[in-house]
Each structure stands twice: as C-alpha cells, then as structure tokens.
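Step one of this worksheet: look at the structure below.
The values are calculated or read from the model by the stated rules, or taken from the named source; none is laboratory data. The shown structure was predicted, so the numbers you read here are calculated from the model rather than taken from an experiment. Note that each Cβ is placed from the backbone with ideal geometry, even for glycine, and that neighbours are counted across all protein chains shown. For accessibility, only protein heavy atoms count, side chains too; no ligands or nucleic acids. Shrake-Rupley method; radii C 1.70, N 1.55, O 1.52, S 1.80 Å.
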Amino acid sequence: MYSFRYHRAASIEEAKELHTTSDEGAYLAGGMTLIPTLKQRLADVDDVIDLGGIESLKGVMTSGTSMKVGGMAVHNEVAANATIDALRHLASGIGDPQVRNRGTIGGSIANNDPAADYPAAVLGLNATIHTNGRTIGADDFFTGMFDTALGDSEIVTAVEFPMPSRAAYIKFPNPASRYAVVGVMVSETNGNVRVAVTGAGTCVFRASAMEEALTNEFAAESISGISIDSSSFNSDIHASAEYRAHLVGVMAQRAVSQIS
Amino acid sequence: MVDVTFSVNGKEHSLSVNDNALLSETLRESLNLTGTHIGCDTSQCGSCTVHLDGKAVKACTVLTAQAAGSEVTTIEGIGEPGSLHPMQEAFNEHHALQCGFCTPGMIMAAIGLVNESESLDGDGVRKGLDGNFCRCTGYHNIVKAVLSAQQNM
Ligand SMILES: Cc1cc2nc3c(=O)[nH]c(=O)nc-3n(C[C@H](O)[C@H](O)[C@H](O)COP(=O)(O)OP(=O)(O)OC[C@H]3O[C@@H](n4cnc5c(N)ncnc54)[C@H](O)[C@@H]3O)c2cc1C
Ligand code: FES
Ligand code: FES
C-alpha cells in the first residue's frame with residue numbers, strides 16, 4: 001500500500017469537507033473493495049476518509065410503501081432486516097459472512113462492479129439513491145463500468161426501495177468469489193415489470209424485451225424464446241459471452257417461476 | 001501515524017500505528033498475537049478472521065485505525081490450555097485440523113457462525129464457512145466439529 005492519511009469523519013459535512021480539500025481523497029465504507037485495491041497499488045490516494053463513525057448512515061427502516069437502507073448498512077444487516085424478501089435473499093448471497101459483516105450497500109453501488117449484486121436490486125426494484133445533495137433515480141445512476149452519476153465528493157446516504165408486489169433475484173455465482181457470473185432481478189410494482197441483469201455486461205442493464213413480454217403475461221414461458229444479444233457481454237475464463245447470454249434467460253425464467 | 005485505543009481480548013491498548021496499518025499486522029507485529037494467521041492477504045482465505053465487536057471479519061482487510069474504540073477478540077482470547085473454548089475442544093475431538101494453518105480463522109468464523117444461528121445443519125455450516133479455506137482436511141471433520149460444538153455453546 002502507498003501511504004495515505006486516515007481520517008474518521010464524525011458527520012457527513014465533515015466527510016465532504018475532508019474530501020473536497022484533499023488532492024486525491026477516497027471515502028472508506030466497509031473497505032472490502034477499497035482496501036484490496038489500495039493493497040494492490042491500483043489506487044494511490046492522499047486521504048482516506050472513513051464513513052464508519054457517522055451514525056445517520058446506518059440502519060434499515062421500513063415505512064408503509066418503501067424501505068430505506070442507510071448508505072453504511074452492511075450486507076448482513078440487510079440480510080437480517082430487509083422487509084423485501086428478494087433483497088434479503090440477495091444480500092445473504094453476497095461473498096461470505098466476513099465480507100457481509102463489513103461490506104455496505106453504499107460502497108457496493110458507488111463502486112458499480114459489473115459483477116456486483118446490489119446494482120441489480122437497485123435497478124430491478126427501481127430504487128431511489130439519496131445523496132448528500134440530491135436524489136438520483138436508478139435508471140440514471142449506473143452510467144458504465146465502475147462508473148456512476150455520483151459527483152466527485154458526493155456521498156450515498158441511503159437507498160430507498162419501493163415495496164414491490166412481487167420480486168425475485170436469482171444468480172449464478174462464481175463458485176470461488178460468489179460474485180455474479182449472471183444475476184437477474186425481476187419485479188412487479190403497481191403493474192410495472194422490471195428485469196435487471198448484472199454480471200453479463202460491462203454495467204447492470206434492463207432487459208426491455210423481457211419486461212414487455214412479462215407485462216403481457218407474467219410467466220416463465222413468455223420469456224423462454226427471447227434471445228439476448230451477447231455482442232457487448234463480458235467474456236473471461238469463467239464464462240464466454242454466449243454462455244452469459246444463455247444464463248440471462250435461465251436466471252430470468254427461474255426468477256419469474258419463483259413468483260408466478 | 002494515528003493513535004488508536006482499542007480493546008484486544010479484554011485488555012485495553014493504546015498504540016500509535018501507521019495510517020495504512022492493517023489490523024492483522026498490528027495484532028501480529030505490535031501485540032505479538034501471532035495466532036491470527038495471514039494466508040492470502042487478499043481477503044479470500046479467512047485465516048486472518050477475528051471478531052470485531054462480536055462480528056467475524058477478515059483482519060487483513062480492516063485498517064487498524066478503523067478498529068479504534070472497538071473490541072477485538074482473537075484466537076488467543078477465547079480459551080486457554082486446560083480450559084479450551086467448546087469450539088476448540090470440538091476441533092480437537094473431531095480431528096478437524098491437520099497442519100493447523102487455517103484453524104485460528106476457522107474457529108473464529110465458526111464461533112461467529114454459531115453465535116448468529118439458531119441451529120445449524122451440515123449445509124448451514126458449509127455455507128457459513130464459505131469465507132474460510134482449508135487445504136488439508138477436506139472440510140468433513142470441520143463440519144462435524146462445528147455441529148458438535150453448537151450443542152455446547
Ligand atoms: C472475498 C469477497 C467476495 C465478494 N463477493 C461479492 C459478491 O458475491 N457480490 C457482490 O456484490 N460483492 C461482493 N464483494 C464486494 C463487497 O460486497 C462490497 O460490497 C464491496 O466491496 C463495496 O462495499 P464496501 O462497503 O466494502 O466499500 P469500500 O470498499 O469501502 O468502497 C468502495 C468504493 O465506494 C466508495 N464509497 C464507499 N461508500 C460510499 C458512499 N456511501 N458514498 C459514496 N462513495 C462511497 C469508496 O470511496 C470506494 O471507491 C466481495 C468482496 C470480497 C472481498
Ligand atoms: S489473510 Fe485475510 S483473508 Fe486471507
Ligand atoms: S488444517 Fe491445514 S489448511 Fe486447514
């Protein structure tokens with residue numbers, strides 16, 4: 001690791017101030033991505049600003065029509081306390097127990113790893129991202145590989161999920177890391193169907209042909225014939241682009257079967 | 001440097017550490033608690049598992065500065081020769097270790113798992129120890145040991 005200065009911010013305002021005044025600052029949440037990245041010297045930062053001491057970023061809260069997850073809520077907390085079953089299931093399948101005790105939703109979506117699980121939940125459940133300045137809709141948040149709509153010093157303070165009428169998340173996990181080779185979130189909320197796919201492409205995306213077919217008839221057979229274009233998909237030692245495209249169909253049908 | 005005060009195995013420590021010091025390094029090199037092993041140093045193998053405020057974490061992926069004000073428990077803090085922790089007893093009884101390199105992390109992860117589960121079957125133990133690798137035992141005896149220890153914890 002290159003050397004850096006460590007700061008523990010007591011408030012969102014202080015964190016932002018420290019970040020803005022640093023030449024190269026990085027927020028630290030669970031550290032499950034940032035610390036390995038620093039160790040590999042893939043990043044060189046002057047200031048690491050720990051968000052771990054900010055109480056207002058923690059916790060999971062449900063009101064009548066939505067569930068709000070604090071930016072610093074760890075995966076195991078969501079796995080235990082989420083009132084949306086699909087989200088509980090998704091969180092309990094991230095990495096391993098030690099990773100789930102540290103890794104946070106804010107860190108996961110700010111990082112936007114192409115194989116991460118939470119982006120599928122945020123996009124597939126049409127969540128709203130709250131930051132220390134504005135709210136961002138899920139459709140506008142994930143802008144590309146490891147890229148989001150977040151500004152330079154912007155902090156994810158919470159993610160708000162509307163309660164779906166039905167939702168399911170199925171992933172084909174990489175057997176070593178548990179990251180998604182392909183993961184699909186299917187949901188229906190007030191008659192609107194969403195299908196969000198992670199792991200397959202360079203960034204989470206919605207499968208609109210599947211959404212249309214499921215809006216007409218919510219059944220696995222409705223989407224069994226839909227072919228997925230694999231031309232821009234990831235291809236690596238774990239799975240070829242064509243295989244990933246195949247998995248999108250299979251995972252989506254399994255998710256639909258679970259809730260139809 | 002940052003000043004860090006935290007409790008390790010029930011004892012308060014105040015240290016000055018590098019800003020980028022890892023909890024695994026501080027435990028081993030500053031506090032001589034070498035029971036916490038470093039296998040991969042890339043967050044994969046779990047041999048560095050300790051408890052931070054009661055939760056199992058990989059100490060190679062926590063900055064020491066992040067642990068300020070917290071309670072850390074390592075393998076040295078759970079039992080002693082003559083009065084072993086039930087999980088240590090069970091590992092001994094069921095021959096759940098061979099070279100022993102993974103064992104401290106495996107035991108700390110297993111205790112965390114049992115503490116947080118109502119009751120576990122073999123599948124639950126395997127899933128709950130996903131973050132810990134053992135290159136010797138083939139896991140069967142580890143699963144047996146954890147199933148047996150949960151009766152006595
Ligand atoms: C062994 C292992 C297995 C894993 N398996 C999976 C898996 O199966 N599925 C999966 O989805 N993930 C997996 N992960 C990733 C993990 O789930 C974390 O979610 C992820 O590392 C990021 O969260 P974090 O809290 O650790 O963020 P950090 O590592 O602390 O930060 C990540 C990035 O986000 C920024 N950031 C953090 N919080 C905020 C915020 N509130 N606002 C703005 N920016 C912020 C940081 O500056 C940094 O750039 C795995 C990780 C490991 C080590
Ligand atoms: S040494 Fe920490 S996970 Fe391997
Ligand atoms: S006993 Fe040798 S690695 Fe587990």
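Before moving on, here are some points about what is shown:
- Count of the range B:13-49 residues, restricted to those that are out of contact with any helix residue (DSSP H, G or I) (no Cβ under 7 Å at 6 or more places or on another chain), more than 10 Å from chain A (Cβ to nearest Cβ) and either open to solvent by less than 60 Å² (accessible area, probe 1.4 Å) or small (Gly, Ala, Ser) (or both), is 8.
- All conditions in (1) within 16 Å of ligand 1 (Cβ to nearest atom); (2) surrounded by fewer than 19 Cβ atoms within 10 Å (Cβ to Cβ); (3) under 22 Å from residue A:94 (Cα atoms) hold for residue B:54, with the sole exception of (1).
- Flag if residue B:145 is on the phi < 0 side of the Ramachandran plot, more than 16 Å from ligand 3 (Cβ to nearest atom), open to solvent by less than 60 Å² (accessible area, probe 1.4 Å) and of a type in the set (A, V, I, L, M, F, W, C): no
- Figure legend. Inter-residue proximity from the range B:94-110: first residues within 14 Å of chain A (Cβ to nearest Cβ), second residues within 12 Å of ligand 2 (Cβ to nearest atom) and assigned to a helix (DSSP H, G or I), beta-carbon distance below 7 Å, spacing 6+ or different chains. Indicated pairs: B:109/A:98.
- Selected residue (criterion: nearest to the other protein chains (Cβ to nearest Cβ)) from residues of the range A:77-87 that are closer than 24 Å to residue A:260 by Cα and crowded, with 17+ Cβ neighbours inside 10 Å: A:79
- If the condition is being more than 16 Å from ligand 2 (Cβ to nearest atom) and open to solvent by less than 10 Å² (accessible area, probe 1.4 Å), then the range A:88-105 contributes A:90, A:91, A:104, A:105.
- Yes/no for residue B:146 being away from ligand 1 (no atom under 16 Å from the Cβ), under 16 Å from the mean Cα position of the chain (by Cα), assigned by TED's automatic domain parsing to the domain that holds residue B:44 and hydrophobic (A, V, I, L, M, F, W, C): no
- Where a residue in the range B:128-142 is in contact (Cβ under 8 Å) with a residue 12 or more places away in the chain and its partner, wherever it lies, is within 16 Å of ligand 1 (Cβ to nearest atom) and assigned to a loop (DSSP other than H, G, I, E, B), with Cβ under 6 Å and at least six apart: B:131/A:96; B:131/B:46; B:132/B:46; B:133/B:45; B:134/B:102
- Taken together, A:176, A:196 contain a single residue that is free of Cβ contacts under 8 Å to residues at least 12 places away in the same chain, outside the structural domain of residue A:97 (by TED's automatic domain parsing), out of contact with any Pro (no Cβ under 7 Å at 6 or more places or on another chain) and among the small types (Gly, Ala, Ser), which is A:176.
- Filtered by the rule that a residue be open to solvent by 70 Å² or more (accessible area, probe 1.4 Å) and in contact with a helix residue (DSSP H, G or I) (Cβ under 6 Å, 6 or more places away or on another chain), the range A:9-31 gives no residues.
- Screening the range A:1-80 for strands (runs of 3 or more DSSP E) wholly inside it with 3 or more residues that are modelled with pLDDT of 95 or more and more than 28 Å from residue B:41 (Cβ to Cβ) returns the ranges A:66-70.
- Residues that are closer than 14 Å to residue A:135 by Cα and of a type in the set (S, T, N, Q) within the range A:146-188 comprise A:148, A:157, listed in sequence order.
- Filter pass, residue B:65 being assigned by TED's automatic domain parsing to the domain that holds residue B:10, under 15 Å from the mean Cα position of the chain (by Cα) and at pLDDT 95 or above: no
- Residues that are closer than 23 Å to residue A:260 by Cα and buried (at least 24 other Cβ atoms within 10 Å of the Cβ), drawn from the range A:171-187: A:171, A:182, A:183, A:184, A:185, A:186, A:187
- Those helices (runs of 4 or more DSSP H) of the range A:158-260 in which at least 1 residues are within 19 Å of residue A:93 (Cβ to Cβ), considering only elements entirely within it, cover A:241-259.
- All of (1) assigned to a loop (DSSP other than H, G, I, E, B); (2) away from ligand 3 (no atom under 16 Å from the Cβ); (3) within 20 Å of residue A:34 (Cβ to Cβ) hold for residue B:65 with one exception: (1).
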